[in-house]
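What follows is one structure encoded as structure tokens, with my remarks underneath.
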Amino acid sequence: MTTSPTLFPALGSKAELEGGSFLAPRFGPDGTVTCVTVDADTGAVLMVGHMNAESLALTVETGEGWYWSRSRGELWHKGATSGNVQKVTELLVDCDQDALVMKVRVDGHGATCHTGRVSCFYRRVPLGQKAADGPVRLEDIGGERRFDPKDVYGKG
């Protein structure tokens, strides 16, 4: 799929960008825009991903979560391998159109993270740690596992 310039037009003014009625994402130097994906029912943050013009167009067209994998350098249909497809209920754009929030319901096991957890955010950074105490430690805050990654992806 190739996206035409008319799909995401370049808007001429700040007023058009902030108050207009057309989606005109401001993709960064790498050609992506950040997307925070949240659970449509609970509001919990599930993941943060990146979208290029093609993945954003596919998301809008199909109503399912598509991303650009910066680590693999390829288009990524979330859940294509695991079955945990993200069904989009709402797609929000911020005031200057350089970030998205996507509300989803997850099919399959109901998990978003490749580790089998519901959310990719299952650890917390306790504040107040000092450099003298050594490396900053993480605290596991749960994160229910819905599947074993070895069973789904064939690797751990």
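All of the numbers you see were taken from the coordinates with simple rules; none came from a lab. Note that this is a predicted model, so its numbers are computed, not measured. Neighbour counts are summed over all protein chains in view; Cβ atoms, including those assigned to glycine, are modelled from backbone coordinates with ideal geometry.
Please count how many residues of the range 127-155 are more than 22 Å from the chain's Cα centre (by Cα), farther than 15 Å from Gly83 by Cβ and surrounded by fewer than 10 Cβ atoms within 10 Å (Cβ to Cβ).
Selection size over the range 127-155: 10.
Please identify the pairs in which a residue from the range 7-21 that is closer than 13 Å to Val93 by Cβ and in contact (Cβ under 8 Å) with a residue 60 or more places away in the chain has its Cβ atom under 7 Å from the Cβ atom of a residue that is surrounded by fewer than 10 Cβ atoms within 10 Å (Cβ to Cβ) and acidic (Asp, Glu), counting only partners at least 6 apart or on another chain.
Note: no pairs meet the criteria.
Can you name the residue in the range 92-112 that is under 11 Å from the mean Cα position of the chain (by Cα) and not hydroxyl-bearing (Ser, Thr, Tyr) and is also surrounded by the most Cβ atoms within 10 Å (Cβ to Cβ) among such residues? Walk me through it before giving the result.
Applying the first criterion (under 11 Å from the mean Cα position of the chain (by Cα)) to the range 92-112 yields 99-104, 112.
Narrowing further to those that are not hydroxyl-bearing (Ser, Thr, Tyr): 99-104.
Numbers: Ala99: 16, Leu100: 21, Val101: 15, Met102: 23, Lys103: 19, Val104: 25.
In this case the residue turns out to be Val104.
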